[in-house]
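Asker: Quick one: the structure is below, questions incoming.
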Amino acid sequence: MIHKMKLKETPFERIKNGTKTIEFRLYDEKRKKVKIGDKIEFSKLPDLHEKILVEVLDIYKDESFENLFKKIYNDKEEIERKTKSMYQFYSRKQENEYGVVGIKIALLSDSFRYTYNKLVRDKIPEEIDSEIGRKCKYRILDDEEYLKELNRKVIEEANDFIEENSIEELGDLMEVINVIIKLKDYKNVIKISKTLAKV
């Protein structure tokens, strides 16, 4: 089974160059589906156009990040530093609610050929073309096709937000909604929203 997850640029590049071999997350419903032998496709934030594929070698579970790190690492300072860094992404309340997991991984490939059939941000095709050995094919949609794809994107981003419940996913959702408002010239919607905010 292949699971899909998103990663910020720094941890993504560390997995890609082999210096990061364990991915730490909350042990939520999505992570509970991950089993040894499964594969994970990581997409690099913010644009998600670069992906790597890894295999799950082992799974470490515990009630807290500190306890989990004590099982894996010996250096006290490293344990403290890693524990502190995790609280930049997750709250103690979330930690208590879900528990935590370390997913030991091995890189399988960082050179995929993808057919997205989905919207991409401006200049992404140019960025892909600038990478050695990569070539992007794309087409510009007319307004009707564009709105149809935006509607699909709203559903996708809303589901991501419900699943991850993160500010990053909420920002992605709001970005798509703002594009639709601009495309449809929904000036009245904006005025109504401001009016309600003043009540």
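Laboratory data are not the source of any read-out in this text; all were calculated from the coordinates shown. As the structure is a computational prediction, the values presented were derived from the model and not from experiment. Cβ sites come from the backbone with ideal geometry, for glycine too, and all protein chains shown count toward neighbours.
Asker: When the Karplus curve 6.51 cos²θ - 1.76 cosθ + 1.60 is applied with θ = phi - 60°, which whole-Hz ³J(HN,Hα) does each residue of region 139-147 get, with x for Gly and Pro?
Answerer: Result, ordered by residue: 9, 8, 7, 7, 4, 5, 5, 4, 5 Hz.
Asker: Using θ = phi - 60° and the Karplus form 6.51 cos²θ - 1.76 cosθ + 1.60, what ³J(HN,Hα) does each residue of region 41-48 get, whole Hz, x for Gly and Pro?
Answerer: 9, 8, 10, 7, 6, x, 8, 6
Asker: Please check which bits of region 149-187 a label hung off LEU45 would reach, taking the label as a point 7 Å along Cα-to-C-beta and the cut-off as backbone N under 13 Å.
Answerer: What the label zone holds, given the 13 Å backbone N cut-off, is 161, 164-173.
Asker: Per the Debye formula with a single identical scatterer at each Cα and no solvent contribution, what log10 I(q)/I(0) holds for region 2-113 at q = 0.23 Å⁻¹?
Answerer: With one equal scatterer per Cα and no solvent, log10 I(q)/I(0) is -1.43.
Asker: Which trypsin sites (Lys or Arg not before Pro) in region 1-104 sit in a loop by DSSP (not H, G, I, E or B) and have at most 10 other Cβ atoms within 10 Å of their own Cβ?
Answerer: LYS33, LYS35
Asker: Could you compute the FRET efficiency for LYS76 and LYS148, with r as their C-beta to C-beta distance and R0 at 41 Å, rounded to 0.05? Each step should come with its number before you reach the end.
Answerer: On the way: r = 55 Å, r/R0 = 1.35.
Taking R0 as 41 Å, the efficiency between LYS76 and LYS148 is 0.15.
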